[in-house]
Amino acid sequence: MSDGRRERGAATRERLLAAARELFGERGFEGTSIEAVLERSGVARGALYHHFAGKAELFDAVLEAVNAELAADAAAQARGGEDPLESLRNGARAWLGMALDPAVQRIVLIDPPAVVGWRRWRELDERYWLGGLHADLRRLAREGRVPAEQAEMLAQMLYAALNEASLAIANAEDQEKARAAAQGAIEGVLLRVCAGCD
């Protein structure tokens, strides 16, 4: 394939992903039709099916792209703290803040289990989110602030707490109030988990 064709193909794929991301964020998976994606992207049906087998595969690609972007943003905010506990706090704050975005709620929290299945949803979470939690908990273990034999399990439990808190925010009537409550609860969990922190 020539470089020109490859570049055009990549540009077409990016247009499809951008249009689908907007639509899935606005309408959710069920409320978004292939026709709407084609219309918004300006891409022909054949070109869409050249890149994606169908709407579920397109959603999967959007889900992965959004996860990668959000995880990079959260990691950047987490790096603001030199101390691993401060990194965890900053990352948790960023994570819970993202749960206020209706598009993120639909694409990352609400639709994935039904569209891509629990295993794939979990696989993406592990790829993009758990690594940073594991790294911070391992650093805390090296410093003697958490038991070394519990660091991996604590990372898993913190991930589960953040995920459930995000879902609670997404489903709350007063989402800002729910986010504040979740932030307080996560802070409390971190302080209890980290014997000797602060």
### For Glu173: the one exception among (1) buried (at least 17 other Cβ atoms within 10 Å of the Cβ); (2) outside any helix (DSSP H, G or I); (3) of a type in the set (Asp, Glu)
(1)
### Message
Looking at Ala11, Ala20 in this structure, which one is in a helix (DSSP H, G or I), closer than 19 Å to Ala114 by Cα and of a type in the set (A, V, I, L, M, F, W, C)?
### Response
Ala20
### Query
So is Ser33 loosely packed, with under 13 Cβ neighbours inside 10 Å, under 27 Å from Ala170 (Cβ atoms) and among the hydroxyl-bearing types (Ser, Thr, Tyr) or not?
yes
### Selection status of Ala114, touching a Phe, Trp or Tyr at 6+ places or on another chain (Cβ under 8 Å), in a helix (DSSP H, G or I) and either surrounded by fewer than 18 Cβ atoms within 10 Å (Cβ to Cβ) or hydroxyl-bearing (Ser, Thr, Tyr) (or both)
yes
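Name the one entry in Gly54, Gly4, Gly42, Gly28 that is under 13 Å from Asp111 (Cα atoms) and among the small types (Gly, Ala, Ser). Full working, then the answer.
Values: Gly54 fails: under 13 Å from Asp111 (Cα atoms); Gly4 fails: under 13 Å from Asp111 (Cα atoms); Gly42 fails: under 13 Å from Asp111 (Cα atoms).
On inspection, the qualifying residue turns out to be Gly28.
Bear in mind these aren't lab numbers, they're just calculated from the coordinates by the rules spelled out. Model, not experiment: these values are computed from the prediction. All Cβ positions, even for glycine, are placed from backbone atoms using ideal geometry, and neighbour counts span all protein chains on display.
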